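The values are calculated or read from the model by the stated rules, or taken from the named source; none is laboratory data. In this text, all values refer to a predicted model and were calculated from it rather than measured experimentally. Reconstructed Cβ throughout: ideal geometry from the backbone, glycine too, with neighbour counts over all protein chains shown.
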Amino acid sequence: MTNKQLAQAFKLTGSLLELHDENPFKVRSYTGTATRLENLNEIAAQLSQKQLVELGFSKNMSEKIFSLLENGSFKELDELTVQTPTGVFEMLGIKGLGAKKVRVIWQELEIETIKDLYEATQNGSLEKTKGFGKKTAENIANQIEFLEKQEGKQRINIAFQYSDYILSNLSNQDFIEKISAAGQVKRHEPIIDTISFVSVLKEGNTSRELFQFLNNLDGISFDAKNSSPFLWKGTFDEIDLKLEIHLTEKENYYGKLLRESSTLSHLNYSTNNPNHLDASLLAVSYQNANSEEEIYQKIGSKFIPYPQRNGLHEWKWIKENNQSDLLELQDLKGTIHNHSTYSDGQNSIEQMALAAKALGHSYLVISDHSQSAFYANGLNKERVQQQWKEIEELNQKLAPFRIFKGIESDILNDGSLDYDENTLKGFEVVIASVHSVLGMSEEKATERLLKAIQNPYTKILGHPTGRLLLRREGYPIDHKKIIDACAENNVAIEINANPHRLDLDWKWIDYAMQKSIWLCISPDAHSTEGLKDTQWGVRVAQKGGLLKKKTLNTLSVEEFESWTKS
Ligand SMILES: [Zn+2]
Ligand SMILES: [Zn+2]
């Protein structure tokens, strides 16, 4: 468990205590522990109880930290969870509903399910309740509608874990001749509801062996009603996610894999090229073939990489480029947009630099939060100076590895950046991002971003829409206007690689490349572990056909340095 996860458990306990109207001092001892854990420079899991007490944790709270590390919970949290109806517990997850409001809903309105809460937003009873009002009721209704739409879906990083689990269990079984992931996982979809595979069994085996094996495998359940001898369907037990395993004959394997890993609009493509079959990809996929390349050849095309089989820009892309031009993780030479303990990160600048180096990078942009981000311990001018000094010393020590002085500057409500000109001048990389007042019309949001893009100190636009996948829709923006402005002002756009964000959305990569702007893959790492999130950004960028030559952090350290001065 990371410090952040530990802190979340204490925060939750605090909320539950508040929900049950417990003594405010007791509530504060838990929320205070959460804050202390968040601000801790050391990794709690590596400390002894004595060390925790020396760092200011009470004996009682340090025992609970130990219990969390060992058992994933502690007694009070378990008891509170049991005493709280599931629906009420879920209400705590609705944005804008703190424990106090949930308590009113539960105790005064006697509502215990999300469904009944939604009803109360529609029939007017919630807005008449003291402390709510029309606007709050509307927001809650929108949130519930949004959350309902996300049911049964998972983010890419979670889905990949479950896909790997199935693949690692199946691939070494005697009865399997061939197996490959397919579907949404193979296409690197940011949001996934079904994990699917295509497999061929070894001669002499029937689907019975496979079905028996799957029925005995931990963590999944068989959906007999919707399965057939050539299709095993089921679900995962601990997570809302479906699983499908398609069986096929050896000679049909490549066609089946192609069909199962492409969208329908990709499959419906036909060339109308007189030298080739005037047939759709779907039609030719049913002919025997020894590879997927062969199937694409039949309609006069080169092989299309799996992530790009979306039915959007791939056919144009493959005419102009080769598969080897597509960005891969190992092409990245530096990591941009990273936090340290100066703001809300968990590791020191030096630890971040060493971890980036170990991942094969030759430079790191540290971009902590700016002064308005008080919730994230943003840096005032004095602490910026202090950080620059530390970076200069580390650059001496770690050369040729290079740390760049960056900042993730809040874009304030009026579109201005968060420091005076003198301070802004001193940064090598200013990433401008919106973190507050997210409820905006498209016009307002676009204007706010445009002003930040036009600021001569802005080098990179951070997570352009502020979306949190499966949790919060981004504010609406006019993507074309924003991308055009970035082109005019020599501002790069990040593809934030945190699997919650993946923002800029991949569908806009093609347009951004047409406008010749730089895109960068940014992990937005808040710990050394977070640096590895870069992989999700790369995977999703591949969907949009992001080329190596259009990716800012494929530049060498010297090239990147001269870009910072451009
Ligand atoms: Zn940010
Ligand atoms: Zn950030």
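Some notes on this structure:
- Each residue in segment 450-488 was checked for being away from ligand 2 (no atom under 16 Å from the Cβ) and closer than 26 Å to Ser566 by Cα, and 17 of them qualify.
- Of all residues making up segment 308-359, the number that are of a type in the set (Lys, Arg) and either within 21 Å of Gly537 (Cα to Cα) or assigned to a loop (DSSP other than H, G, I, E, B) (or both): 3
- Test for Glu494: is it free of Cβ contacts under 8 Å to residues at least 12 places away in the same chain and either within 22 Å of Lys333 (Cβ to Cβ) or not aromatic (Phe, Trp, Tyr) (or both): no
- Filter pass, Leu69 being surrounded by fewer than 17 Cβ atoms within 10 Å (Cβ to Cβ), within 31 Å of the chain's Cα centre (by Cα), part of a helix (DSSP H, G or I) and of a type in the set (A, V, I, L, M, F, W, C): yes
- Of all the listed residues (Gly360, Gly378, Gly345), the sole one being within 25 Å of Leu555 (Cβ to Cβ), under 23 Å from the mean Cα position of the chain (by Cα) and within 16 Å of ligand 1 (Cβ to nearest atom) is Gly345.
- The residue of segment 524-544 that is nearest to ligand 1 (Cβ to nearest atom), among those that are among the small types (Gly, Ala, Ser) and buried (at least 24 other Cβ atoms within 10 Å of the Cβ), is Ala525.
- Check on Glu428, in contact (Cβ under 8 Å) with a residue 12 or more places away in the chain, touching a strand residue (DSSP E or B) at 6+ places or on another chain (Cβ under 8 Å) and within 16 Å of ligand 2 (Cβ to nearest atom): no
- Contact map, segment 316-339: first residue over 14 Å from Ala497 (Cα atoms), second residue surrounded by fewer than 18 Cβ atoms within 10 Å (Cβ to Cβ) and of a type in the set (Gly, Ala, Ser), Cβ cut-off under 6 Å, separation 6 or more or different chains; pairs are Lys333/Ser362; Lys333/Ser556.
- Of the criteria (1) in contact with a Pro (Cβ under 8 Å, 6 or more places away or on another chain); (2) among the hydrophobic types (A, V, I, L, M, F, W, C); (3) outside any strand (DSSP E or B), which one Ile493 fails: (3)
- Odd one out for Lys480 among (1) surrounded by fewer than 23 Cβ atoms within 10 Å (Cβ to Cβ); (2) farther than 20 Å from Gly345 by Cα; (3) touching a Ser or Thr at 6+ places or on another chain (Cβ under 9 Å): (3)
- Inter-residue pairs, beta-carbon under 8 Å, first more than 23 Å from Asp193 (Cα to Cα) and in segment 241-270, second among the β-branched types (Val, Ile, Thr) and outside any helix (DSSP H, G or I), 6+ apart: Glu249/Val200; Lys250/Val200; Tyr253/Val198; Tyr253/Val200; Tyr269/Ile299; Ser270/Ile299
- Per-region count, segment 149-181, residues of a type in the set (D, E, K, R) and without any contact (Cβ under 8 Å) to a residue 12 or more places away in the chain: 2
- The residue of segment 539-563 that is nearest to Gln330 (Cα to Cα), among those that are among the polar types (S, T, N, Q) and touching a residue at least 40 places away in the same chain (Cβ under 8 Å), is Thr554.
- Scope segment 423-439; condition within 16 Å of ligand 1 (Cβ to nearest atom) and on the phi < 0 side of the Ramachandran plot; matching residues: Phe427, Val429, Val430, Ile431, Ala432, Ser433, Val434, His435, Ser436, Leu438
- Unmet criterion (only one of (1) of a type in the set (A, V, I, L, M, F, W, C); (2) touching a strand residue (DSSP E or B) at 6+ places or on another chain (Cβ under 9 Å); (3) under 30 Å from Asn142 (Cα atoms)) for Val538: (3)
- Against the list (1) within 25 Å of Arg501 (Cα to Cα); (2) away from ligand 1 (no atom under 16 Å from the Cβ), the condition Gln396 fails is (1).
- The listed residue being more than 23 Å from Ser372 (Cα to Cα), outside the structural domain of Glu90 (by TED's automatic domain parsing) and not in a loop (DSSP other than H, G, I, E, B), out of Ala445, Ala452, Ala541: Ala541
- Within segment 172-226, tally of residues that are crowded, with 21+ Cβ neighbours inside 10 Å and of a type in the set (Phe, Trp, Tyr): 1
- Candidates in segment 114-163 are the residues that are aliphatic (A, V, I, L, M) and farther than 19 Å from Gly98 by Cβ; of these, the one that is surrounded by the fewest Cβ atoms within 10 Å (Cβ to Cβ) is Ile158.
A quick yes/no check of all residues on (1) more than 16 Å from ligand 1 (Cβ to nearest atom); (2) modelled with pLDDT of 95 or more; (3) among the polar types (S, T, N, Q):
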residue	(1), (2), (3)
Pro456	yes, yes, no
Leu470	yes, no, no
Glu473	yes, no, no
Lys480	yes, yes, no
Leu504	no, yes, no
Trp508	yes, yes, no
Tyr511	yes, yes, no
Ile517	yes, yes, no
Ser522	no, yes, yes
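- Whenever a residue of segment 512-538 is basic (Lys, Arg), its partners that are modelled with pLDDT of 95 or more, lying with C-beta atoms within less than 8 angstrom and at least six residues away or across chains, give the pairs Lys515/Ile483; Lys515/Asp484; Lys515/Cys486; Lys515/Ala487; Lys532/Leu359; Lys532/Pro523.
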